[in-house]
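The values are calculated or read from the model by the stated rules, or taken from the named source; none is laboratory data. Source: prediction; values computed, not measured. Using ideal geometry, Cβ is built from the backbone for each residue, glycine included, and neighbour counts are taken over all protein chains shown. Note: areas computed on protein heavy atoms with side chains; ligands, DNA, RNA excluded. Shrake-Rupley method; radii C 1.70, N 1.55, O 1.52, S 1.80 Å.
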Amino acid sequence: MYQLLATSPMGLEAVVAKEVNELGYETTTENGRVLYEGDARAIVRSNLWLRTADRVKIVVGRFYATTFDQLFEQTKALPWEDIIGPQGSFPVSGKSLKSKLFSVPDCQAIVKKAIVERLKKAYDIKGWIDESGALYKVEVAILKDEVLLTIDTSGAGLHKRGYRLAQGAAPMKETLAAALVRLSNWTGDTPFIDPFCGSGTIAIEAAMIAQNIAPGFNREFASEEWDIIPEEMYEEERIKADNEALYDKEIDITASDIDPEMIQISKNNATEVGFGELIKFKQMNVHDLTLHAEKGAIVGNPPYGERIGERGEVEAMYTYLGDLIKANPKWSLYIMTSYKEFEVLVGKKATKRRKLFNGYLECTYYQYWGER
């Protein structure tokens with residue numbers, strides 16, 4: 001069994017934890033981290049299925065250290081050979097906050113040296129370690145003198161699903177888009193609209209959720225090359241995921257944007273993942289949006305009006321959305337924006353608010369639940 005850590009964007013720990021629970025693992029949550037125990041198959045399933053986590057790591061050790069000597073000895077005492085093979089390549093990255101050991105390059109070098117000594121002894125290696133094999137990215141993270149040593153099982157971040165051929169100027173990460181859909185509790189049984197679709201990420205993630213398609217289905221992971229993961233395990237889990245997907249489930253998703261170029265980019269991205277015919281893309285101003293069904297969900301990340309001259313347009317847009325849900329009380333509205341006066345313009349207090357970050361920009365996710 002390994003102690004696993006799914007890294008989470010700030011404010012989304014509970015969403016990531018819920019996903020890990022759905023895979024069948026018990027979790028504890030810290031700032032930006034969801035911790036759980038699992039075997040090799042848990043590593044594989046986590047990488048394939050977690051929609052909202054950034055990465056999946058193995059926790060090798062956790063201890064307090066205030067001197068380089070303590071850092072070296074305690075790192076060397078850990079069973080690195082249980083994970084890293086004799087030819088493994090293990091670059092070390094690091095970060096340190098509010099700690100006596102604040103020089104990150106020194107901490108990285110000491111951790112590297114300690115792992116080298118440990119592996120040389122474990123594998124009876126004389127001279128240099130080869131490091132020509134699989135990649136095991138080690139991270140040393142020190143916070144208030146507590147050292148956390150992890151190995152990344154994912155490789156490229158989990159937001160890299162493999163379908164985004166092109167994007168707009170301010171693209172939203174796929175993991176955040178999936179989180180917005182998960183927080184709306186939309187499952188594909190009612191219409192779904194994103195009126196500010198940009199490169200189509202929210203609509204594509206919604207379609208993947210509705211059809212139960214594993215987000216990591218079409219990509220590779222660093223741990224596929226590791227000795228601790230049986231060779232056929234990723235393949236087995238991909239076949240299982242393929243069998244669990246609801247490719248025939250009919251869903252009603254519309255994605256629109258005022259920019260015709262973004263609509264073309266969205267279509268191309270959706271086609272890449274197999275949703276070219278499934279999602280309806282329209283070049284449209286949000287003021288032309290009308291709702292035909294009795295209930296459904298509007299989920300979007302509109303322009304925030306940060307640039308001079310856009311503010312009036314953005315305010316008019318928010319007011320229009322407010323009018324739309326007042327006229328259609330069974331529809332739910334979920335909007336992420338950094339605009340502080342959003343509720344004033346909508347003319348209604350949100351049912352729930354959640355602080356989130358889009359990149360480095362602090363936003364609020366305003367959630368208006370439709371009448372049941």
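Tabulated data for the structure shown
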| item | result |
| --- | --- |
| Pick from the range 212-224, criterion of a type in the set (A, V, I, L, M) and within 16 Å of the chain's Cα centre (by Cα), ranking: surrounded by the fewest Cβ atoms within 10 Å (Cβ to Cβ) | ALA214 |
| Odd one out for ASP227, checked against (1) open to solvent by less than 30 Å² (accessible area, probe 1.4 Å); (2) assigned to a loop (DSSP other than H, G, I, E, B) | (1) |
| Selection status of ILE209, open to solvent by 10 Å² or more (accessible area, probe 1.4 Å), in contact (Cβ under 8 Å) with a residue 40 or more places away in the chain and over 30 Å from PHE90 (Cα atoms) | yes |
| Where a residue in the range 70-93 is farther than 14 Å from THR153 by Cα and its partner, wherever it lies, is aromatic (Phe, Trp, Tyr) and surrounded by fewer than 16 Cβ atoms within 10 Å (Cβ to Cβ), with Cβ under 7 Å and at least six apart | GLU81/TYR123; PRO86/TYR123 |
| Count of the range 147-183 residues which are open to solvent by 10 Å² or more (accessible area, probe 1.4 Å) and of a type in the set (S, T, N, Q) | 1 |
| Residue in the range 337-355 that is farthest from THR319 (Cα to Cα), counting only those that are open to solvent by 90 Å² or more (accessible area, probe 1.4 Å) and basic (Lys, Arg) | LYS355 |
| Qualifying residues in the range 66-88 (those that are open to solvent by less than 60 Å² (accessible area, probe 1.4 Å) and among the aliphatic types (A, V, I, L, M)) - the one farthest from ASP130 (Cα to Cα) | LEU71 |
| Test: residue in the range 19-40 that is at pLDDT 95 or above, of a type in the set (A, V, I, L, M, F, W, C), under 27 Å from PHE90 (Cβ atoms) and in a strand (DSSP E or B) | yes |
| Flag for PRO260 being more than 18 Å from the chain's Cα centre (by Cα) and open to solvent by 40 Å² or more (accessible area, probe 1.4 Å) | yes |
| Filter result for LYS95 (open to solvent by 60 Å² or more (accessible area, probe 1.4 Å) and within 29 Å of TYR2 (Cα to Cα)) | yes |
| Options VAL147, VAL111, VAL138, VAL116; residue that is modelled with pLDDT of 95 or more and touching a Pro at 6+ places or on another chain (Cβ under 8 Å) | VAL138 |
| Criterion violated by GLU244 - all others in (1) open to solvent by less than 60 Å² (accessible area, probe 1.4 Å); (2) modelled with pLDDT of 95 or more; (3) under 20 Å from VAL181 (Cβ atoms); (4) under 22 Å from the mean Cα position of the chain (by Cα) satisfied | (1) |
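For (1) outside the structural domain of GLY200 (by the TED database); (2) touching a Gly at 6+ places or on another chain (Cβ under 8 Å); (3) charged (D, E, K, R), each residue gets a yes or a no:
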| residue | (1), (2), (3) |
| --- | --- |
| ARG62 | yes, no, yes |
| ASP69 | yes, no, yes |
| GLN87 | yes, yes, no |
| ILE110 | yes, no, no |
| ASP130 | yes, no, yes |
| ILE142 | yes, yes, no |
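Yes or no, residue by residue, for (1) open to solvent by 50 Å² or more (accessible area, probe 1.4 Å); (2) over 12 Å from PRO195 (Cβ atoms); (3) assigned by the TED database to the domain that holds GLU362:
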site: LYS282; (1), (2), (3): yes, no, yes
site: ALA293; (1), (2), (3): no, yes, yes
site: ALA297; (1), (2), (3): no, no, yes
site: ARG311; (1), (2), (3): yes, yes, yes
site: ALA316; (1), (2), (3): no, yes, yes
site: GLY322; (1), (2), (3): no, yes, yes
site: LYS326; (1), (2), (3): yes, yes, yes
site: LEU333; (1), (2), (3): no, no, yes
